[in-house]
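The values are calculated or read from the model by the stated rules, or taken from the named source; none is laboratory data. Since the structure is predicted, the reported quantities are computational estimates derived from the model, not experimental observations. Quick reminder, even Gly has a Cβ in these numbers, built from the backbone with ideal geometry, and neighbours come from all protein chains shown.
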Amino acid sequence: MVMSLFSALMVGFILGIKHSIEPDHIIAVSTMVGKSKKLWRSTLTGVFWGVGHTATLFVVGMVLVLLKGDLPEKWAMSLEFLVGIMLVYLGVKSLIVKKGLVSKSPNEVKGSLWKVTIIGFIHGLAGSAAMVILTLSTVSSVWECALYILIFGIGTITGMLVFTTILGIPFVYGNSNKTWNISLARIAGTVSFLFGLYYMYNLGVTEGLFETWLG
């Protein structure tokens, strides 16, 4: 029994790492890492995104588990659509950057980390329904569900921490070249903008979300 739970938790940790590098997660965080001047700030970007993401998954996931309910598909898809809107917004913000990396005051750094946490929070809302299905198919009791979601979250934080640290290297070490930094930021912004539009189109038209709204 103990070994079975341990194996499930290890799988959850690995799935959390895999989950952290899904395209919409990577694209969103890439637009934030480009604003960091220090490598440790890039690392913190990944950590705070993961914390926000895990907090939402845990709270919403446990509510659904305890109430033995399920998030209606219309609501689940609408939360996913919110991710598309966020990606477009982050893309536009990166595209209108006019300067290279600049030093930030402690308050500005704190504010940017709060923004990253909110981005992780939104991603967590969008993935909460799938998280509950995955958890219930893996473990049985409520406390095991809670533990599984937390371990999954730790895996997600770990994966995003590593990714943002690596992603921050070209920005930090190219910090003396403003043209290079602006180019990288705009590439990230373009990808985020276009992927966000595709994400919303796929949900709204291909998967029929717009029809459910009108119906």
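Remarks
- If you go through segment 180-198 and keep only what is in contact with a helix residue (DSSP H, G or I) (Cβ under 9 Å, 6 or more places away or on another chain) and of a type in the set (Ser, Thr, Tyr), you end up with Thr190, Ser192, Tyr198.
- First in segment 190-215 and more than 17 Å from Ala126 (Cα to Cα), second anywhere and modelled with pLDDT under 95 and surrounded by fewer than 15 Cβ atoms within 10 Å (Cβ to Cβ), Cβ under 6 Å, 6 or more apart: Thr212/Lys74
- Each residue in segment 154-178 was checked for being without any contact (Cβ under 8 Å) to a residue 12 or more places away in the chain, more than 19 Å from the chain's Cα centre (by Cα) and assigned to a helix (DSSP H, G or I), and 1 of them qualify.
- The single condition from (1) polar (S, T, N, Q); (2) surrounded by fewer than 19 Cβ atoms within 10 Å (Cβ to Cβ); (3) in a helix (DSSP H, G or I) that Ser140 fails is (3).
- Filter result for Val47 (modelled with pLDDT of 80 or more, touching a Phe, Trp or Tyr at 6+ places or on another chain (Cβ under 7 Å) and under 27 Å from Phe195 (Cα atoms)): no
- Any chance Thr135 is out of contact with any Leu (no Cβ under 7 Å at 6 or more places or on another chain), crowded, with 21+ Cβ neighbours inside 10 Å and within 16 Å of Phe48 (Cβ to Cβ): no
- Check on Val60, modelled with pLDDT under 90, within 20 Å of Leu134 (Cβ to Cβ), surrounded by 20 or more Cβ atoms within 10 Å (Cβ to Cβ) and touching a helix residue (DSSP H, G or I) at 6+ places or on another chain (Cβ under 8 Å): yes
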